[in-house]
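Structure record follows, encoded as structure tokens.
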Amino acid sequence: MKRFASSLVLCFVALGLQMVSPVIAAPVIADIQISPGATSTRIRLIASEAINISAFVLTAPDRLVIETPDINFQLPPDSGLSSEGAVKSYRYGKISADRARIVFDLASPLVPGDIVKSTSMGGGAYIVSLFLTAADRQSFDKAAQSSALSRLSKDAAPADIAALNQDSRPLIVIDPGHGGNDLGATGITGIFEKDVVLAFSIALAKKIEAQGQCRVLLTRDQDVFIPLDDRVKVARQHGAAVFLSIHGDTIASGVDVHGATVYVGDDRSSDAEAAKVAEYENKADSNGGFSPQPSDSTVADILGDLTLRETRTRSNLLARELVTRIADTAHLNRNPLRAAGFRVLRAVDVPSALVEIGYMSSKVDLDQLTSTEWTDRMTSRMTDALVEFLNPPNMAQDLAKP
Ligand SMILES: [Zn+2]
């Protein structure tokens, strides 16, 4: 762990120099973690930047290849030597001035699926997760064949790779609420809000990645505690175009209130109920055993009221877009667009919203929140809303470039 931290510091120092020097320091990969499962495997790259990767498979012998931009590999010396589930071993290295590969020898066929990027616990590192599923011989061979074809056309246009590394698509930061010691609300079935919103957020991130017009970063992709202000910091430091926090509502009384609500940040609450929800969500830090510093108003002072007003207008547009799009999927709360003083919605310069996707205290909602079919529909609607809100200009033209 010590070693990992120091290598990241070194890398950041090098990146700092990059501003005055044309030499660009390569991102560091400090660890590769393989988590085998019965039908699927997850490979996580622990990196100093949110690097773009691609994955494909090769036959005879069966291999999985992860291709990355140029990487400064700083892995423990025995990395890749021992077998983990379907992965027998792996090796890594540069294949050209600007590309590197990690090659995994497979004991049984696995095909690559979604790629999800997130920040690590406490920030400072990035996690790029590749999800793989077990496949039969025939589907594996087919996957190998089609990736060979697509690489042929890709290798013919190296400009595409450069374009990928300078990814200019707008960044959406998705923030699954709570985590670690901070459980959030407990559902009537005993399930925790932190788990429900994490599963939902990962599904949403995958949906946005698949849609292709925006980049996405998760503030957490596992069960860890992250202070509220750090979540906001992730969005600001990366110049996110949108920050979206995902939560599950609860009510103390036994009345079966249900439905989704979209919140924007404001010093004045739209109503008493909204104020109560914000007060509850703002307790996340103390629930997680963390005492936050008093919030820093200097940033707001420097950027001025104008920026804040502009951001709030944009946040309202975003919230309205979300409410409109999810109306046919999520039974909407009586007053679905509300405002309150959420600590996590305090970025002065990043349009932000918080979606309570349903009530943990409602059986109807909880059935939906844990259904893959509903999650699929809801994440599609939200992706549409985000893309519509960001409406990246000339996207079709960029893709059509030779
Ligand atoms: Zn919550």
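Ranked highest first by the average count of other Cβ atoms within 10 Å around their residues, in what order do 269-276, 28-35 fall? Spell out each step's value before the answer.
Details: 269-276: 15.5, 28-35: 19.4.
Output ranking for 269-276, 28-35: 28-35, 269-276.
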Contour minus end-to-end for Gln222 and Ile95, with contour as 0.36 nm per residue of separation and end-to-end as the Cα-Cα distance? 42.5 nm
For Arg236 and Lys283, calculate 0.36 nm times their separation in residues minus their Cα-Cα distance, and state this gained length in nm to one decimal. 14.7 nm
Can you list residues from other chains, or at least 5 along the same chain, whose modelled amide H is less than 5 Å from the amide H of Ala260? His331, Leu332, Asn333
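Using Stokes-Einstein with the Kirkwood hydrodynamic radius over Cα pairs, what translational diffusion coefficient do you get for the range 171-390 at 37 °C and a viscosity of 0.692 mPa s, in µm²/s rounded to a whole number? List each step's numbers first, then the result.
Working: Rh = 17.1 Å.
Translational D for this selection: 192 µm²/s.
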For 89-97, 317-325, ranked highest to lowest by mean beta-carbon neighbours within 10 Å, the order is 317-325, 89-97
Quick one: net charge of Gly358's neighbours, Cβ under 9 Å, K/R +1, D/E -1? -3
Share of pairwise Cα separations in the range 199-252, more than 14 Å, in percent: 61 percent
Determine, for each peptide in 366-376, 336-346, the mean count of other beta carbons within 10 angstrom over its residues, then list the peptides with the highest first. 336-346, 366-376
Charges on Cβ only, +1 for Lys and Arg, -1 for Asp and Glu, centred on the Cα centroid of the range 171-390; of Val173, Ala274, Gly259, which one is farthest towards the dipole's positive end? Val173
The pairs in Lys194/Lys233; Lys206/Lys233; Lys142/Lys206; Lys94/Lys233; Lys88/Lys142; Lys117/Lys276 lying past 25 Å Cα-Cα in this model are Lys94/Lys233; Lys117/Lys276
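Read-outs: derived from the displayed coordinates by stated rules, not from any lab. Everything numeric in this text was worked out from a predicted model, so none of it was measured. With ideal geometry, Cβ positions are generated from the backbone for all residues, glycine too; neighbour counts draw on all protein chains shown.
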